[in-house]
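Asker: Before we start, here is the structure in question, set down as structure tokens.
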Amino acid sequence: MSKRWGRVIASIIVIALLAGFAVSGVACAEEKVIKIGTLFPLTGPVALAGQRCKAAVEAAVEVINNSYPDIPVPLADQEGILDGYKIVLIHADHQGKPDVGKSEAERLFDQEGVFAIIGSYNSAVTKPASMVAERRKRIFMCGASSSAELTKRGTRYFFRIAPTDETESIEFVNFIKWLNETEGTNYKTFGVIYENTEFGKHAAQEAKKAIEEAGFEYVADVAFNPGATNLNSEVQMLKGKNPDVVFGACLGADYILWIKTMKQLSWLPKVSLNYCSGYQDPLIAQQLGGDGDYFMGTTGYSPELAELMPAVAPVEEIYKSKIDPPVPFDSDSIQEAVAMLVLAQAIEKVGSLDTEKIVDALYANEWDSPLSLGGKVAFAPGGQNIKAMSTITQLIGGEYRRVFPEEFANAEPVVPMPSWDQRK
Amino acid sequence: MWYGVLLLIAVLPLIPGPLQSPFAQHVLVLTLLFACMSQAWNILGGYCGQVSFGHSVFFGIGAYGAGMAVVTYGLTPWPGAIIGALLAAIVSLIISYPCFRLKGHYFAIATFAIVEIFNRLFMVWYWVGGALGLDYPIIEEGWKNFMWFQTKTQYYYGAFGLFILIFSFVRWMEANKLGYYLKAVRDGQEAAEALGVNSTAVKLTAIAISAFLAALCGAFFVQYNLRVDPPMVMSLDMSMRFVLITILGGLGTFWGPLLGAAILIPLQEYSRAMWGGLGGGVDLIIFGILIVLIVTRQPKGVMGFINLLTTRFKATKGGDD
């Protein structure tokens, strides 16, 4: 190796190290600070979702640290908490890998000295990362991870804001029962298509349980590998069993491929209900155009729900300034902002950074949460937010119409879905 | 030198200063573990010249052995680790026998496919936890269960034990018949066979030993992370780490895997710690650039660079004389 190249490599390492220390030094320059760690997939297959979650927590912190008297959100009318303490975020990237998530959680607590962690989007990463917090008796706030298993572990320091795939499955089944009672439909047979991951597998298990407990028939269980390039055989399996209702747990591009393949094979169930972000992502809805119409799914937040949650708009403006391209909150990212706001309220209420007292307060109180659909957050033992709510929406013409439950509905559901040849 | 390095590794976490921090100790544990994993791969890929991208399968079988012993059967991880390692050796023999008929690049390509097959199989295999994986419960910490929650020191010395086992074996192998057979097959299979070396038996021996040791590393990995699922252990990404570290350090050399791990792992961990939170993969970009620069400027790895320096130093010294 020539001396020149040796110098180039050495220079890169030195410059990079200096840049790194400069960045980490920003947080240390403040005096009255509370360090909070964020742990999201900032790179890897779901990096976009992770970056939105990170921006949502940043937006919440901006509201907490500065005075925004016009924003109707707790703590917005004051600067900081605990008489002038500012929250400083230390961000970490788990790349969607459980082992990286665990070691980054350890680093955030042990090296960076954060008070609590907010994360981690992927349920498979949240599990080991939150156990790091549990063993250290430190708080782990989880916004969006949906695996119901997370809040059934008997943990004390883990809190989750979002509804679980268990509650969503029950809501889906209740919706079908309601359709059968009110619309005169007679939907009896169910199928599930899901990605073969922690998220998909768990959603399918909860779906099966809810379907069978309601007395319906579970006729098709179809798994596929995420990132598949072809779903022909999976859709053929569904078509062969021809269930009335299909629940889908398909993320991102897989959701697009599933719908395109159903169109190619000229088949549709009468109703399709979907978990999580494939259906919820407005960019995916845009890419699918008319083909994505008449599908349904749960939505914790979308711009169409803004009239039910007026406090979201001003916070969303701050959020948009932190993400490129600027997009509205989605159901996942907004939960991370709620996690930050609830934690800050608990710290303020206790009046100190005593973890045990804050945990007790989190369990004992009902928290105002104007960024949540129900407007409240309260935790059951195990850490699940028992006030978590979501609506069932139906996508028509790029608009998510609220169809269930009735108190939130602004449109009648269109069932059965028009077949492909009936669509314009 | 060997005993000097052992002594240095033994006292490293005891040195006061920055190495006492939990994150530094985490980096030290990973460095030793990845040095062990890469040395296990080096037996087949470096000494025997059979480049395998399938070693994450054996690593994964070891991980699942320990994981299932603890999570599924409520035992200690020790019997699971041994059974997993033996199973990995048997599986390696079954899958490598047909693959060894293939030469050069074709063997490497076949091993790619094996990773995918096992990954898919474990994803849908309910008995091993499928896509949900296996999560460790909180149980008593200590050597019996080989898990600790507050400190990394015991993990470090556990990895050090593995290091002594694997590196001592390779050191013994280098000085004995097996090592010469492996190098003979690598340097010219036909020539080795002409001299009476049974190349198939040598290659099968190499992969069985290599798989056994890789599985022990997998068992350590799952005890360290307290969770296992197929993408964590049986993936091309994991296989590539074995290969990359060895090539960076020096393929087919005794110290190469340790040197490669000592450079790559701290670089990977510290770059992620410093820039990972910025998003956009700045850490991965810098990490990638450094690897490209090092590998393109010195294809024989760090050991090649050290040998070059040693030769120059000796030449200068000779000139002075």
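Every read-out reported here was derived from the displayed coordinates using simple, explicitly stated rules and does not represent laboratory data. Everything quoted here is computed from the prediction, not taken from an experiment. No Cβ is skipped: glycine too gets one built from the backbone with ideal geometry, and neighbour counts run over all protein chains shown.
Asker: Around A:T229, what is the net charge, scoring Lys/Arg as +1 and Asp/Glu as -1 over all other residues with Cβ under 15 Å from its Cβ?
Answerer: -2
Asker: How fast does the range B:2-320 diffuse by Stokes-Einstein, in µm²/s, taking the Kirkwood radius from C-alpha pairs at 25 °C and 0.890 mPa s?
Answerer: After rounding, the answer is 120 µm²/s.
Asker: Hey, another quick one. Find the relative contact order for the range B:2-320 and round it to a whole percent, using C-alpha pairs within less than 8 Å whose residues are 6+ positions apart.
Answerer: Details: 486 pairs, mean separation 97.1, N = 319.
Across the range B:2-320, relative contact order equals 30 percent.
Asker: For A:D244, list long-range residues whose amide hydrogen, built 1.01 Å from N in the peptide plane, is under 5 Å from its own amide hydrogen.
Answerer: A:K188, A:T189, A:F190
Asker: So, one more: To one decimal place, what orientation-averaged projected area in nm² is obtained for the convex hull of the Cα set of the protein assembly as shown?
Answerer: 35.7
Asker: So if I take the alpha carbon set of the range B:181-277, get Rg, then get Rh from the Kirkwood formula, what is the Rg over Rh ratio?
Answerer: Values: Rg = 17.2 Å, Rh = 15.9 Å.
My calculation puts Rg/Rh at 1.08.
Asker: Taking the simple approach of a point 7 Å from Cα along Cα-to-Cβ for both B:L293 and B:L121, what is their distance in nm?
Answerer: So the label points at B:L293 and B:L121 sit 4.3 nm apart.
Asker: Where does the range A:105-146 land on Rg(C-alpha)/(2.2 N^0.38 Å)?
Answerer: Normalised Cα radius of gyration, the range A:105-146: 1.04.
Asker: For the range A:202-299, I need the span (max minus min coordinate) of the C-alpha atoms along each principal axis, in Å, sorted largest to smallest.
Answerer: 37, 29, 24
Asker: Oh, and also: State, to one decimal in nm², a quarter of the convex hull surface area for the C-alpha atoms of the range A:97-169, i.e. the direction-averaged projected area.
Answerer: Directional mean of the projected Cα hull area for the range A:97-169 stands at 4.3 nm².
Asker: In nanometres, what is the gap between the two model label sites at B:T72 and B:Y97, each 7 Å from Cα along Cα-to-Cβ?
Answerer: 2.5
Asker: What's the tally of Lys pairs in the range B:2-320 whose alpha-carbon atoms lie under 19 angstrom apart, where the two lysines are 8 or more places apart or on different chains?
Answerer: Value for the range B:2-320: 6.
Asker: Apply the Karplus curve 6.51 cos²θ - 1.76 cosθ + 1.60, θ = phi - 60°, to the phi angles in the range A:302-314 and return the couplings in whole Hz, x for Gly and Pro.
Answerer: 8, x, 5, 8, 4, 5, 7, 9, x, 6, 5, 3, x
Asker: Exposure proxy check: B:I94, B:I209 ranked by fewest other beta carbons within 10 Å? The partial results should precede the final answer.
Answerer: Numbers: B:I94 8, B:I209 20.
Fewest to most other Cβ atoms nearby, the residues stand as B:I94, B:I209.
Asker: Something else now. I want the local charge near B:T200. Using Cβ-Cβ distances under 12 Å, sum +1 for each Lys or Arg and -1 for each Asp or Glu among the other residues. Working shown, then result.
Answerer: On the way: positive: B:R101, B:K203; negative: B:E193.
Combined, the nearby Lys, Arg, Asp and Glu give +1.
Asker: Another question, if that's okay. Please order A:Y400, A:Y68 by the number of other Cβ within 10 Å, starting at the fewest.
Answerer: Ascending Cβ contact count within 10 Å gives the list A:Y68, A:Y400.
Asker: Counting only other residues whose beta carbon sits under 15 Å from that of B:M173, what net charge do I get with K and R as +1, D and E as -1?
Answerer: Here the charged neighbours net out to +4.
Asker: Order these by the 10 Å Cβ neighbour count, fewest first: A:M237, B:M1.
Answerer: Ascending number of Cβ neighbours within 10 Å: B:M1, A:M237.
Asker: Could you work out how much longer the chain between A:N365 and A:L353 gets when fully extended? Use 0.36 nm per residue separation minus the Cα distance between them, nm to one decimal.
Answerer: Separation in residues times 0.36 nm, less the Cα-Cα distance, equals 2.6 nm.
Asker: So what's the angle, to the nearest 10 degrees on a 0 to 90 scale, between helix A:123-136 and the longest Cα principal axis of chain A?
Answerer: 40
Asker: Further question on the same structure: Output the 0 to 90 degree angle, nearest 10, between the alpha-carbon long axis of helix A:232-241 and the longest principal axis computed from the alpha carbons of chain A.
Answerer: 50
Asker: Quick one: divide the alpha-carbon radius of gyration of the range B:198-239 by 2.2 N^0.38 Å and tell me what you get.
Answerer: For the range B:198-239, the normalised Cα radius of gyration comes out at 1.45.
Asker: If you project the alpha carbons of the range A:293-357 onto their three principal axes, what span does each projection cover, largest first, in Å?
Answerer: 50, 27, 20
Asker: If a/c stays under 1.5 just call it rounded; otherwise compare a/b with b/c (prolate if a/b is bigger, oblate if not). Do that for the range A:127-246, with a ≥ b ≥ c from the square roots of the Cα gyration tensor eigenvalues.
Answerer: Oblate, because a/c is 1.5 or more while a/b does not exceed b/c.
Asker: Which FRET efficiency value, to the nearest 0.05, do you get for B:A315 and B:K177 by plugging their Cβ-Cβ distance into 1/(1 + (r/R0)^6) with R0 = 45 Å?
Answerer: Approximately 0.85, to the nearest 0.05.
Asker: Next question, about the same structure. Over the residues of chain A, compute the C-alpha Rg and express it relative to 2.2 N^0.38 Å.
Answerer: 1.03
Asker: With springs only between Cα atoms under 10 Å apart, run a GNM on chain A and tell me which of A:M389, A:M262, A:M296 wobbles the most.
Answerer: Comparing A:M389, A:M262, A:M296 in the GNM, the peak value goes to A:M262.
Asker: Report the full-extension gain for the segment A:K177 to A:K239: residue separation times 0.36 nm, less the Cα-Cα distance, to one decimal in nm.
Answerer: Numbers: separation 62, 0.36 × 62 = 22.32 nm, distance 2.29 nm.
The span from A:K177 to A:K239 would gain 20.0 nm if fully extended.
Asker: Here's another thing I want to ask about it. Sort the following peptides by mean Cβ neighbour count (other Cβ atoms within 10 Å, averaged over residues), highest first: B:140-153, A:371-384.
Answerer: Highest to lowest by the protection proxy: A:371-384, B:140-153.
Asker: Here's a follow-up. Please express the Cα-Cα pair-distance distribution P(r) of the range B:1-110 as a list of whole percents, one per 10 Å bin, running from 0 to the bin with the greatest distance.
Answerer: Calculated P(r), rounded to whole percents: 13, 30, 30, 23, 5, 0.
Asker: Report the label-to-label distance for B:L8 and A:E317 in nanometres (one decimal), using points 7 Å from each Cα along the Cα→Cβ vector.
Answerer: For B:L8 paired with A:E317, the spin-label model returns 6.0 nm.
Asker: Still on this model: List the residues, sorted by chain then number, that are 5 or more residues from A:R160 or on another chain and whose placed amide H is less than 5 Å from its amide H.
Answerer: Amide H neighbours of A:R160: A:C142, A:Q384, A:N385.
Asker: With springs only between Cα atoms under 10 Å apart, run a GNM on chain B and tell me which of B:I245, B:I265, B:I289 wobbles the most.
Answerer: Evaluated over chain B, the most mobile residue of the options is B:I289.
Asker: How large is ³J(HN,Hα) for each residue in the range B:154-170, as worked out from phi by the Karplus curve 6.51 cos²θ - 1.76 cosθ + 1.60 (θ = phi - 60°), to whole Hz, x for Gly and Pro?
Answerer: Values, residue by residue: 5, 4, 4, 6, x, 5, 5, x, 4, 4, 4, 4, 6, 5, 5, 4, 5 Hz.
Asker: Give the relative contact order (percent, whole number) for chain A; include only Cα pairs under 8 Å separated by 6+ residues. Could the numbers behind the result be given before it?
Answerer: Working: 841 pairs, mean separation 70.3, N = 424.
So the answer I get is 17 percent.
Asker: Rounded to the nearest 0.05, what FRET efficiency is calculated for A:E399 and A:K32 with R0 set to 35 Å and r the Cβ-Cβ distance?
Answerer: 0.15
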